[in-house]
Each structure stands twice: as C-alpha cells, then as structure tokens.
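K.L.:
Once you've had a glance at the structure underneath, I'll fire off some questions.
The values are calculated or read from the model by the stated rules, or taken from the named source; none is laboratory data. Owing to the predicted nature of the structure, the values given are computational and were not obtained by experimental measurement. Cβ placement follows ideal geometry from the backbone for every residue including glycine, while neighbour counts extend to all protein chains displayed. Ligands, DNA and RNA are excluded from the accessible area calculation, which covers all protein heavy atoms including side chains. Shrake-Rupley method; radii C 1.70, N 1.55, O 1.52, S 1.80 Å.
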Amino acid sequence: MEFATGIVLIPLLALLAPLLSRGTSRFLPIPLVVFELVLGILAGPSVLGWIQPMETFELFADLGLAILFFVAGTEIEFAAFRGRTGHRAIGGWFVSIAVGIAVGWLVAPGEGAVIVGVALCSTALGTILPILRDAGELHTPFGRSVGAVGAVGEFGPLVAISLFLGGRSLGLATVVLGLFLVLVAVAIWWASRSPGGALHSLVRATLHTSGQFAIRVVFVILAALVALSIVLGIDMLLGAFAAGIIWRLLMRDAAPADQDAVESKIEAVAFGFFVPIFFIYTGVTFDLASLLADPLLLALLPVGLLVLLLVRGLPSGLAAPEGATFRDRASITLLGATGLPIIVAVTGIGVSTELISPAVAAALVAVGMLSVLVFPLVAMAMRRDRIQPDALVQAERA
C-alpha cells in the first residue's frame with residue numbers, strides 16, 4: 001500500500017511543482033527545484049507521512065542524480081578552461097576546498113571535516129545552467145565564467161570524494177582514480193577523433209521513430225561509465241559526468257537541428273521524469289526532526305549560508321571575465337556558492353559511515369536548499385538590472 005501511494009504521489013508532486021513555480025514567477029521567480037524539495041518534505045515522514053523511503057524510490061532517485069550530472073557533463077565548454085578564466089576557476093576551487101576543510105574541523109573534527117569541506121566547495125552546475133539558458137546568458141562571457149566555476153565545482157568535489165571517502169588508503173585511491181581517468185581520457189580522445197557519420201545518420205533516421213537510437217546510446221554510455229565507477233569503487237557521479245562529456249563530443253559534428261532535437265529528448269527524459277524524482281525523494285528523506293530537535297543548529301542556518309558564500313562564493317568571483325563590473329563579480333560569487341546535489345550526496349556518505357551526525361547532515365542540506373532559493377534569485381536580479389538599461393539604450397537608438 002505504501003508503495004502504491006508513493007508511486008502515484010511522486011509523479012503528482014512532480015506535476016504540481018512547475019505549476020507552483022510558474023504561478024509564483026510573477027511575484028518571485030523561485031527555482032523549480034525548491035518546490036520539488038519542499039513538496040517532498042511535506043509528503044514525507046517529516047510532516048504528512050504520505051510517502052515513505054523505499055529502495056525502489058531510492059534507485060530512481062539515484063538514476064535521477066546520475067542523469068543530472070550527465071546533463072551537466074554535456075554542457076561543459078572546454079574553451080572556458082583555457083586562459084585566465086579556467087585557471088582562476090580551478091585555483092578558486094582549491095582555495096574553497098582548503099578553507100572548507102578548515103571550517104569542517106570546527107564542525108566535525110577528523111574525517112568528518114572532509115565531508116563538510118567537500119559539501120561547502122561544491123557548485124550546483126546542473127541547477128544554475130537552466131537558469132543561465134533561460135536568461136540568455138549561457139554563451140556570454142559571464143555565462144562561460146559561471147560555467148567554468150560550476151564545472152570545477154562539480155568535478156573537483158567528485159574527485160575529492162573518490163580520493164578521501166572511498167574507504168581506501170590515499171595512495172591506492174589515487175592509483176584507482178588515475179586508472180579511471182586514463183580510461184575516460186582514452187574514451188574522450190576516441191570520441192573527439194571519431195567521424196561519427198554513421199552514428200549521426202542513424203540518430204537522424206530514428207529521431208521520430210520507436211527506435212530512438214540516440215537515447216539508447218546515451219543510456220548505454222551512462223550505464224557503462226557508472227558501472228565502471230562502481231566496479232573501481234569511486235563515486236558513480238564521476239562516471240555520469242564523464243559520460244555526458246563523451247556524448248557531447250560524439251555529437252559535435254551532427255547537424256545543429258539534430259543536436260537540438262536530441263538535446264530536447266534527453267532533457268525531456270531527465271527533467272520530465274528522473275531528476276524531479278531525485279529532488280522530491282531528497283525532500284522525502286530529509287531529516288527535519290533532527291534539525292528541529294537542535295534549536296541552535298536551526299538558528300545557525302543563516303550563518304551556514306554566509307559560510308557557503310565565503311568558502312565557495314568569494315573564490316568563484318576570481319573567475320570573472322576581464323572588465324567585469326562589481327555586479328558581474330557579485331553575481332558570479334552568488335551563483336558559484338549555489339550548491340545542493342553534491343551536498344546531498346556527500347552528506348549521505350557521511351551519515352552512512354557515521355562521520356557526521358544526521359543533524360549536521362540535515363543542516364548542510366538545508367543550507368544547500370537555501371542557497372538554491374536565494375543566491376540565483378539575487379544574482380539574476382542583479383544581472384537584469386544591468387542588462388535592462390543597455391536594452392533601453394539600444395531601443396532608443398533603433
């Protein structure tokens with residue numbers, strides 16, 4: 001009975017979330033993911049108890065998280081890592097992880113500090129890319145800087161998780177991770193050199209048939225890289241991220257119309273089904289009781305938001321494009337500090353290995369939720385204030 005209830009309610013909540021987001025957008029443009037999380041909390045054991053945690057739902061949620069990172073991998077702009085922007089994005093992340101672990105020692109001394117540090121140095125690339133795309137900022141110098149910050153902020157923590165939280169010695173973990181990266185590098189090299197003519201022809205021929213070859217290839221690549229990650233004992237999200245990069249390279253020379261059609265289908269599968277399940281189920285499993293049981297921890301959530309801004313946001317501002325204004329840098333700082341998926345993943349590892357308490361994990365996830373709610377909203381409002389006067393000037397000249 002509980003399974004039947006959940007299997008009906010989760011799609012209903014996924015349907016309700018964009019309606020709520022669209023309904024409130026006239027007054028306050030709240031990101032869709034916030035509604036998915038809040039609805040999951042309300043329907044879960046913390047409030048109404050309509051949906052209970054189950055292995056089946058957890059499996060779908062894990063698939064949703066993997067596909068979210070796959071999509072993030074397909075959005076990587078390699079050009080953004082060249083020169084000043086890329087170097088500063090990478091350097092800024094190393095500053096973030098160092099400061100984050102130092103802060104982590106104050107909260108959870110020992111290995112728990114790594115959990116906290118990784119959580120604080122992450123950036124939710126998969127969350128902020130749709131926001132940039134909708135605002136028409138994805139391919140601007142500002143958008144490329146944010147993309148570089150986000151890519152490093154997702155790839156770096158995944159590497160850190162594989163090195164420090166995989167249950168192996170650092171030396172062995174480094175060797176295993178190195179082996180994985182070599183295999184992925186070979187796959188990326190092959191994908192970048194492959195002509196892809198036959199693949200593109202088959203993709204085009206099945207775009208509007210039951211064959212849907214492109215989507216099937218996507219899931220084969222995703223499954224293969226995730227399985228390789230699991231076999232080697234490293235974080236599966238690293239494999240999902242690499243799978244997205246490989247798929248993008250395989251499709252790089254396809255006709256633009258075909259690329260757009262395939263991208264639309266992938267996004268339909270990801271954001272129409274799997275990704276909402278991940279965020280809703282995250283809300284369902286959110287330990288609200290542990291957070292409410294400690295009033296001090298609850299009161300410190302705004303402080304946690306400030307810490308996230310200082311640890312991850314300020315170093316992200318280093319990657320601002322040349323000639324960036326103060327508002328540009330402030331917007332990049334806010335978007336760089338927006339984090340949630342990796343926070344959810346790494347705190348789950350921390351609780352299961354008893355490196356951090358459920359209350360600390362809930363607090364970190366709550367801070368991540370607040371960052372998704374507050375930071376993009378303020379950042380894009382600052383960008384709109386800057387863009388609108390330029391648009392008015394152009395309109396007057398016309």
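K.L.:
Let me have the 222 nm mean residue ellipticity of the chain computed from DSSP H runs of 4+ only, each contributing -39500 (n - 2.57), with the sum over all residues rounded to the nearest 500.
P.N.:
So the helix-based figure for the chain works out to -24500 deg cm²/dmol.
K.L.:
How much accessible area per residue does the chain have, counting only protein heavy atoms and a probe of 1.4 Å, in square angstrom?
P.N.:
Here the residues of the chain average 45 Å² of exposed surface.
K.L.:
So how far apart, in nm, are the two label points at residue 182 and residue 265 if each is 7 Å from Cα heading toward Cβ?
P.N.:
With each label point 7 Å from Cα toward Cβ, the separation is 3.6 nm.
K.L.:
A further question follows. Pick out, from 211, 281, 14, the residue whose Cα sits farthest towards the positive end of the charge dipole of the chain, with +1 on the Cβ of Lys and Arg and -1 on the Cβ of Asp and Glu.
P.N.:
Of the candidates, 211 comes out farthest on the positive side.
K.L.:
Send over the semi-axes of the chain's equivalent ellipsoid, whole angstrom and largest first, taken as the square roots of 5 times the C-alpha gyration tensor eigenvalues.
P.N.:
Rounded to whole Å, the semi-axes are 29, 26, 24.
K.L.:
Then there is this: Determine how large the accessible area of residue 253 is when every protein chain is in place; take a 1.4 Å probe and give Å² rounded to the nearest 10.
P.N.:
100
K.L.:
If you don't mind, another one. Show me the helices of the chain, taken as full DSSP H stretches, that run 24 Å or more along their long axis by Cα and average 1.0 or above in Kyte-Doolittle hydropathy.
P.N.:
2-24, 55-74, 141-164, 170-193, 213-232
K.L.:
Expressed as a whole number of Å, what is the distance separating the alpha-carbon centroids of segment 1-29 and segment 105-159?
P.N.:
So the two Cα centres are separated by 26 Å.
K.L.:
Between residue 206 and residue 8, what FRET efficiency follows from the Cβ-Cβ distance if R0 is 30 Å, with the result rounded to 0.05?
P.N.:
0.40
K.L.:
For segment 281-360, what % of the accessible area comes from carbon and sulfur atoms, probe 1.4 Å?
P.N.:
Ligands and nucleic acids excluded, carbon and sulfur reach 72 percent.
K.L.:
Counting other C-beta atoms within 10 Å, and keeping those with at most 11, which DSSP coil chymotrypsin sites (Phe, Trp or Tyr not before Pro) do you find in segment 22-98?
P.N.:
Qualifying residues, ordered by number: 27.
K.L.:
Gain in length, residue 140 to residue 50, computed as 0.36 nm per residue apart minus the alpha-carbon separation, to one decimal in nm?
P.N.:
Difference between extended and current length: 28.0 nm.
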